[in-house]
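Comments concern the structure below.
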Amino acid sequence: MKIEIRRAGFSDYEEMLEMYKNTLRNVNIKDYSRDEIEVWLKKTSLENLKKTADLVKRWVAVDLDNKAKIVGMAQHSLNGNFSGLYVDKDYIGKAVGFKLLKLVEESIAALGIKKIKIKSTVTAKDFYLRNGYVLLGEDFFDLGEGRKIKVYLMEKDIA
């Protein structure tokens with residue numbers, strides 16, 4: 001398996017969105033209800049990805065041995081707010097998330113930021129702990145429609 005990480009472009013957005021939806025429905029389902037996930041999915045759309053393209057740095061991980069299939073994605077805002085990392089269910093545990101995380105951390109560090117703060121899903125909490133993040137406490141993420149899900153506040157010094 002040959003994984004390449006590159007900046008995401010408009011032509012990637014449809015496949016990114018499908019991978020994201022499949023990840024939530026197949027991976028995050030162990031920690032959140034189907035109803036919560038379906039409400040969550042309404043927050044991200046192809047239109048939203050396009051509309052926010054100039055406000056974030058986005059990367060995709062592609063499997064070059066599988067028709068350049070998008071198997072992961074990560075992003076942070078231009079001011080260094082880390083806002084998401086998702087990996088295809090069939091690629092979890094194969095260093096895709098680790099590679100994306102390291103790239104995001106390097107990109108944020110290049111902005112002069114010395115500490116990354118994130119809101120992790122219940123599903124990803126252990127991944128971040130294994131990668132040097134410290135658990136600060138619990139919080140809630142507003143899904144809209146009067147729904148909130150539990151998340152964890154975490155941070156890591158990257159200086």
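Values in this text are rule-based calculations from the coordinates and carry no lab data. Since the structure is predicted, the reported quantities are computational estimates derived from the model, not experimental observations. Cβ coordinates were reconstructed from backbone atoms using ideal geometry, including for glycine residues, and neighbour counts include every protein chain displayed.
In region 123-146, how many are in contact (Cβ under 8 Å) with a residue 60 or more places away in the chain, surrounded by 15 or more Cβ atoms within 10 Å (Cβ to Cβ) and either in a strand (DSSP E or B) or in contact with a strand residue (DSSP E or B) (Cβ under 6 Å, 6 or more places away or on another chain) (or both)?
Residues in region 123-146 being in contact (Cβ under 8 Å) with a residue 60 or more places away in the chain, surrounded by 15 or more Cβ atoms within 10 Å (Cβ to Cβ) and either in a strand (DSSP E or B) or in contact with a strand residue (DSSP E or B) (Cβ under 6 Å, 6 or more places away or on another chain) (or both): 1 in total.
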Worksheet entry | Subset of region 38-92 [farther than 28 Å from Ile158 by Cβ and of a type in the set (Ser, Thr, Tyr)] | Ser45
Discussion item. With the requirement that a residue be of a type outside the set (Lys, Arg) and either surrounded by fewer than 11 Cβ atoms within 10 Å (Cβ to Cβ) or under 14 Å from Leu17 (Cα atoms) (or both), what does region 38-51 give you?
Written reply: Glu38, Trp40, Leu41, Thr44, Ser45, Leu46, Glu47, Asn48, Leu49
Worksheet item: Considering only region 8-57, how many residues are hydroxyl-bearing (Ser, Thr, Tyr) and touching a strand residue (DSSP E or B) at 6+ places or on another chain (Cβ under 8 Å)?
Response: 3
